[in-house]
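A short worksheet on the structure shown next.
Derivation of every value follows stated rules applied to the coordinates shown; laboratory data play no part. A quick note: this is a predicted structure, and the numbers were derived from the prediction, not measured. Don't worry about glycine lacking a Cβ; one is built from the backbone with ideal geometry, like all the others, and counts go over all protein chains shown.
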Amino acid sequence: MVGNQLHAKTEMGPMVRECDAARVKSWVDEAAKEGARILCGGDRDGTMMQATLLDDAKTGMKVCREELFGPALAVLRVKDIDEAIKLANDTNFGLSAGVFTQDIDAAMRFSREVDSGNIHINWGPLWRTDGMPYGGMKQSGIGREGPKYAIEEMTEMKAVVIHSQ
């Protein structure tokens with residue numbers, strides 16, 4: 001249920017700004033017009049955008065080419081690991097990538113060959129520990145976060161030498 005995040009039954013709160021919800025809705029609608037199927041969600045009311053799953057998405061669709069920053073997921077099907085790696089690398093972004101497979105060798109190959117700051121095997125990009133370096137490659141992000149990495153990113157190094165008599 002989409003709604004006020006202070007209510008116990010709410011599963012997902014609103015987007016920050018109405019213009020962001022409108023953008024997500026327009027990209028979802030555009031993908032549907034281009035042949036993607038909306039399997040669930042897709043509706044919007046003000047800043048409330050339903051979680052949306054798009055199937056039969058194509059690589060040229062905006063929902064696949066740009067960072068959506070909203071509650072929608074486009075499913076792209078591939079025939080083999082080679083196509084999955086090629087597809088995952090065919091982007092200007094590289095924050096997170098994932099693959100679902102029972103073949104551990106294919107999963108490890110995917111993790112080595114895909115240019116992404118975070119690789120998820122048989123899971124979505126929702127899991128991480130604070131000790132992990134979190135950040136993207138290519139045009140995703142501006143560095144790494146996580147306690148150690150955030151301190152390094154947000155600290156200006158300076159040497160101070162005190163001479164005493």
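Positive contributions from Lys and Arg (+1) and negative ones from Asp and Glu (-1), summed over other residues with Cβ under 13 Å from the Cβ of D29, come out at +3. Once you've got the Cα coordinates, tell me which of K58/K79; K58/K86; K33/K86; K25/K79 are over 18 Å apart. Table pairs above 18 Å Cα-Cα are K33/K86; K25/K79. Near G3, once Lys and Arg are set to +1 and Asp and Glu to -1 for all other residues with Cβ below 10 Å from its Cβ, the sum equals -1.
With the dipole of the stretch 1-77 worked out from charges on the C-beta (+1 for Lys and Arg, -1 for Asp and Glu) around the Cα centre, which of G42, M1, C64 lies farthest toward the positive end? Result: C64, furthest along the dipole toward the positive end. A straight line joining the Cα centroids of the stretch 43-59 and the stretch 24-38 runs 8 Å.
What is the antiparallel percent of DSSP beta bridges lying wholly in the stretch 2-78, to the nearest 5?
Of all bridge pairs located within the stretch 2-78, approximately 55 percent are antiparallel.
Under the convention that each Lys and Arg Cβ holds +1 and each Asp and Glu Cβ holds -1, the size of the dipole of the stretch 1-98 around its Cα centre is about 100 debye.
Looking at the stretch 1-89, which GluC sites (Glu not before Pro) are DSSP coil and have at most 10 other C-beta atoms within 10 Å of their C-beta?
Details: sites: E11, E18, E30, E34, E66, E67, E83; in loops: E11, E34, E66, E67.
Those that pass, being in a loop and sparsely packed, are E11.
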